[in-house]
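Visitor: For reference, the structure I am asking about is given below.
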Amino acid sequence: MEVVEIRILIEGKTYEAAGAAEAEKLLKQRGAFAIMAGGQPRDLSFISQARADGEVEGLTFGSKEGRDIYRHSTAHILAHAVRELFPDARFAIGPAIEDGFYYDFDVPAPFTPEDLDAIEKRMLEIIKRDSPFVRREMKRGEALEMFGRMGETYKTELLESMQDDTVSIYEEGGFTDLCRGPHVPSAGAIKAVKLLSVAGAYWRGDEKRKMLQRIYGTAFSSASELKKHLERLEEIKKRDHRKLGRELDLFSMNEEVGPGLILWHPNGAIIRKTIEDFWREEHLKAGYKLLYSPHMARLDLWKTSGHWDFYRENMYSPMKVEEVEYEIKPMNCPFHIAVYKSGLKSYRELPVRYAELGTVYRFERSGVLHGLMRVRGFTQDDAHIFAREDQIGEEIKNILDFTLFILNTFGFEDYDIYLSTRPEKYVGTEESWELATGALKAALEHKGLKYEVDPGEGVFYGPKIDIKVKDSLGRAWQCSTIQVDFNNPERFDVTYRGEDGRQQRPIMIHRALMGSLERFFGILIEHYAGAFPLWLTPVQVEVLTIAERHIDFARQVADNLRREGIRVEENFDNEKIGYKIRQSAVRKVPYSVIIGDKEVEERGTALSIRKRNGQSFGPFTLSALIDLLKEEIKTRR
RNA sequence: GCCCAUGUAGCUCAGUCGGCAGAGCACAUCCUUGGUAAGGAUGAGGUCACCGGUUCGAUCCCGGUCAUGGGCUCCA
C-alpha cells in the first residue's frame, strides 16, 4: 500500500506527514482538534480520507472556526450532563456564540443556580471520562424515527424543516445528539469550562412558542485563558454605566418618574452640556442650521409621515386636545420637513441641512429597558439633509467625514461599518436606489473604510450606512446611522424649484452621529470607565488643603482657576490629606492641587498637580498651570 | 410582553426556622491640624418596594402589583 504524503497547515505553518495516522498525531500534537478540508470543516478523523494532493488545515482554538467547534462540542457535553442529571429534559439547540455557547432545554422546572453547579461538575466528570465523539450518518427518515422514539420533539421538528436527505448524528459516551458537526475527537479535548447563567429563551426565538431554559457557558483551551476571560467579565461589570452612574452621581432613574426615563444629575448634565456645545459648534461649522421642534404634534402629521401605519407599536397612545388627537413624537423628521416647507426652496439653496438635538419618546416593552442604553425617552442628535440627486455623493462623503471626526473626538478609533441595501419591499425607483447605494459605497471606499454589505437590510425607504464604535474593551455599540430616504419627500410633497423652473423632488438624508445622547453617554461611561478626559469630566480640578491655615490661599487658587472657566471644587474638609486624595481618586477627578505651608509661602509660584493615576507634575506657576489645563481642555485629549 | 432571580438606611449588603431591625461606607457633631489613596469618638438615619391574605402577631409564609437584573424578541 502506498503511503500518502499529506501537507498540513497549522496556524500559518506547513508540515508534511506520511500517512493519515502520522498526520493525525501531528495535528493533535499541535493543538488541532478538527480540520478544514476542501473548504469544509471536518472531524479530525476525516484525515483518513485525505488525498496526497490535498492540503488540510488543522483547526485550533486560535481560529474562529476552531473556537466555535470547540465550544460547540462543549455545548454537547453540557447536554450530556443535563441528560444524566435530568432524564426528563428534552433538547433543543446548542450552538457556539461569541465568547461561548448555550444549549436550550425543555425541562419540567427551571434550573436553579445549584443545578448549574451540579451540571458543571458533571460536565467535568464527562470530560474526564474522555469518550470519543463518533459521527454517524443516516437517512433523514431514519433519524426522524429514532428521535421520535426518544420523544425528542424539538429534534424531530428540526429534522422536518431540513432539506438534506442524509443527516448526521454524534454519539459521545452513550449520549446521542443530532448535529452537523464537526466535533473535537473526544470529550477530554475540552480543557476549561464554566457555566455562566440560566435564562428563558423562546423555542426558535418565537414568543408565541414555548419558553425553554437556556444555559450559557464558555470554554477555553486552558484554565489561564478561562481565568482571563472571567476577569474581563469582572472588568465589564466594574465599568457598568449603571453602577458608575450611581457612584459618580451622573444620572438616575426613579420608580415614581417611570421606567426608561432618565434624570440627569448635575455631574451628568455638565457632561451632556459639554457634548451638546461641542456638537452645535461643529454643526454650525459644517454648514448645518440648528432647529428646535415641539414634543408633540397632531396625529395627522404622523399619518402623513407613515409612522402611524408602520411604527405604531413603538408610539404612545394619542391624547385628545380640544377634540383633536395629538401624539408625543417618536421621530423628529416631520418637523424638519415642515420647516423646509415653510418657504419655497430654490435649487441654489440646496443642500439644506437641518440639525436638532431632538427629544423623542418611544414605547419599549418593559423587559428590554436597560440603563441608559435602552430607554423610553431620549434625545437624538438628529439631522435631515435635503439635497438634489447630483449632490448626494458629495453630501454622503461630508457626513461620513463629519461622523468619524465626532466619534474620534470621543476616543473611538475602531468601527464596524455596515451598508444595507434594497430590501424586497421598497419605495422609490430602482435607479434611485442604485444611485443612492452607489453613493454610500463610493463614500466608504473614498475614505478607504472597511465595511460589510447587509444585503436587503435597508429600510423600505432607502439604503443606509450603520456605524458601530468599538469601545476600549473592544465591544461594538451601534451609534451612527446615515439613511437615504425617497419616501418622505414624496409623502409630504417636498419640492424645490429646479434650474429649469419646474418643481423638483429633493432626496432626504437622515443621520444621527451619536445616535441618542443617553445611550452615547452610557457608552462613554463604560469606554472611559468613568475616568472622563479633562474636557468632559464634571470636576476638572480639586483644590485640597493640608491644614486649616491654608484655606484662605487655597480659596484664592480655586477662584483663579474658576475665573478661567475651569471646573474647580474645593475640599477644605477637616481631614488628613491622604483621605482627601483618596476622595478625589474615588470621584475620578483628573487633577488635584494640594495647598500646604510650602505653597502658601511661595505664593503660587510653585504649584504641583497630582493626576488621578497618582503621578505628580510640576512645579508650575499659577498661570502656567492654567495654560496647561486650558490647552488640554482645548485639544479634548 | 414572556421565563427566572432580586427588592431591608443615601450606597454595598447581613439578618429574623413568624415575636422591639443590623454592619461597613456616606452624612452630622466633637477631638485631632495631620504633606500625596481610608486618624479617632459620638450621633442621626428604616412604613424591611407597594397592596391584600393567613396568623394572637408578618420584614419573614401565601397571592397580586410595581420596579430592577440576566435572557428571549426588538432597537438609538
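Visitor: Which of the GluC sites (Glu not before Pro) across the stretch A:1-87 are loop residues per DSSP, with 12 or fewer other Cβ within 10 Å?
Guide: A:Glu2
Visitor: Shifting gears a bit: Using r as the Cβ-Cβ distance of A:Leu85 and A:Lys191, and R0 as 25 Å, what FRET efficiency do you calculate, to the nearest 0.05?
Guide: The computed FRET efficiency comes out at 0.65.
Visitor: Quick check: the angle from helix A:223-239's long axis to the longest principal axis of chain A, C-alpha only, nearest 10 degrees?
Guide: Tilt of helix A:223-239: around 30 degrees.
Visitor: Roughly how many debye, to the nearest 20, is the charge dipole of the stretch A:50-176 about its Cα centre, given +1 on each Lys and Arg Cβ, -1 on each Asp and Glu Cβ, and no other charges?
Guide: The calculated dipole for the stretch A:50-176 is roughly 300 debye.
Visitor: If you rank A:His446, A:His241, A:His265, A:His510 by how much accessible surface each has, with a 1.4 Å probe, what is the order from largest down?
Guide: Of A:His446, A:His241, A:His265, A:His510, the descending order of accessible area is A:His446, A:His265, A:His510, A:His241.
Visitor: Follow-up question, since we're still on this one. Dipole size in debye (nearest 20) for the stretch A:224-297 around its Cα centre, Lys and Arg Cβ +1, Asp and Glu Cβ -1?
Guide: 200 debye
Visitor: Can you work out the base-10 log of I(q)/I(0) for chain A at q = 0.07 1/Å, using the Debye formula on its C-alpha atoms alone?
Guide: The calculated log intensity ratios at q = 0.07 Å⁻¹ are -0.66.
Visitor: For A:Ser608, what charge total do you get from the other residues with a beta carbon under 10 Å from its beta carbon, if Lys and Arg give +1 and Asp and Glu give -1?
Guide: Local net charge: +1.
Visitor: I've got another one for you. Rounded to the nearest 0.05, what FRET efficiency do A:Arg136 and A:Thr112 have when you use their Cβ-Cβ distance and R0 = 41 Å?
Guide: Computed FRET efficiency for A:Arg136 and A:Thr112: 0.70.
Visitor: Set the Förster distance to 51 Å, then compute FRET efficiency between A:Thr304 and A:Lys243 from the Cβ-Cβ distance, nearest 0.05.
Guide: The calculated FRET efficiency here is 0.70.
Visitor: Then there's this: With a cap of 11 neighbouring Cβ atoms within 10 Å, and only residues DSSP puts in a loop, list the GluC sites (Glu not before Pro) found in the stretch A:205-256.
Guide: Qualifying residues, ordered by number: A:Glu207, A:Glu255, A:Glu256.
Visitor: Still on this structure, I have one more. So what is the relative contact order of chain A, in percent, for Cα pairs below 8 Å that sit 6 or more residues apart?
Guide: 8 percent
Visitor: Here's a follow-up. Pick out, from A:Gln163, A:Ala187, A:His446, the residue whose Cα sits farthest towards the positive end of the charge dipole of chain A, with +1 on the Cβ of Lys and Arg and -1 on the Cβ of Asp and Glu.
Guide: Ranked along the dipole, the leading option is A:His446.
Visitor: Averaging sequence separations of C-alpha pairs under 8 Å and six or more residues apart, then dividing by the length of the stretch A:555-637, give the relative contact order as a whole percent.
Guide: Once divided by the residue count of the stretch A:555-637, the mean separation gives 21 percent.
Visitor: Quick one: divide the alpha-carbon radius of gyration of the stretch A:447-488 by 2.2 N^0.38 Å and tell me what you get.
Guide: Normalised Cα radius of gyration, the stretch A:447-488: 1.37.
Visitor: Take A:Ala286 and A:Ile97, extend 7 Å from each Cα along the Cα→Cβ direction, and tell me the distance between the two endpoints in nm.
Guide: 3.4 nm
Visitor: Can you tell me the 0 to 90 degree angle between the C-alpha axis of helix A:577-586 and the longest principal axis of chain A, rounded to 10?
Guide: Its long axis makes an angle of about 60 degrees.
Visitor: For the stretch A:83-90, what does the Karplus curve 6.51 cos²θ - 1.76 cosθ + 1.60, with θ = phi - 60°, yield as ³J(HN,Hα) per residue in whole Hz, taken in order and with x for Gly and Pro?
Guide: With the stated coefficients, the stretch A:83-90 comes to 4, 5, 8, 10, x, 7, 5, 10 Hz.
Visitor: Counting other C-beta atoms within 10 Å, and keeping those with at most 12, which DSSP coil chymotrypsin sites (Phe, Trp or Tyr not before Pro) do you find in the stretch A:371-456?
Guide: Here no loop site has a sparse enough neighbourhood.
Visitor: Out of A:Ile10, A:Phe86, A:Ile509, whose Cα points farthest toward the positive end of the dipole of chain A (charges: +1 Lys, Arg; -1 Asp, Glu; placed on Cβ)?
Guide: Of the options given, the answer is A:Ile509.
Visitor: Follow-up. Leaving out ligands and nucleic acids, note down the accessible area per residue over chain A with a 1.4 angstrom probe, in whole Å².
Guide: 49 Å²
Visitor: For each pair in A:Lys208/A:Lys329; A:Lys243/A:Lys464; A:Lys341/A:Lys464; A:Lys285/A:Lys630, compute the distance between the two Cα atoms and list the pairs where it is over 32 Å.
Guide: Over 32 Å apart, Cα to Cα: A:Lys243/A:Lys464.
Visitor: Nothing charged except the Cβ atoms of Lys and Arg (+1) and of Asp and Glu (-1): what's the magnitude of the dipole of chain A about its Cα centre? Round to the nearest 20 debye.
Guide: So the dipole magnitude of chain A works out to roughly 1160 debye.
Visitor: Listed here are the pairs A:Lys28/A:Lys155; A:Lys210/A:Lys238; A:Lys121/A:Lys227; which of them are more than 24 Å apart at the Cα?
Guide: As for pairs spanning more than 24 Å Cα to Cα, those are A:Lys28/A:Lys155; A:Lys210/A:Lys238.
Visitor: Per the 1.4 Å probe, what fraction of the accessible area of chain A, in percent, lies on carbon and sulfur atoms?
Guide: Roughly 48 percent of what the probe reaches on chain A is carbon or sulfur.
Visitor: Dividing the alpha-carbon Rg of the stretch A:466-582 by 2.2 N^0.38 Å yields what?
Guide: For the stretch A:466-582, the normalised Cα radius of gyration is 1.90.
Visitor: Quick one: compute the contact order of the stretch A:181-260, relative version, from alpha carbon pairs under 8 angstrom and 6+ residues apart, as a percent.
Guide: Worked out over the stretch A:181-260, it gives 22 percent.
The values are calculated or read from the model by the stated rules, or taken from the named source; none is laboratory data. As the structure is a computational prediction, the values presented were derived from the model and not from experiment. Glycine gets a Cβ as well: all are built from the backbone with ideal geometry, and neighbour counts include every protein chain shown. The protein model used for the area step is the full one, side chains on, heavy atoms only, and it has no ligands, DNA or RNA in it. Shrake-Rupley method; radii C 1.70, N 1.55, O 1.52, S 1.80 Å.
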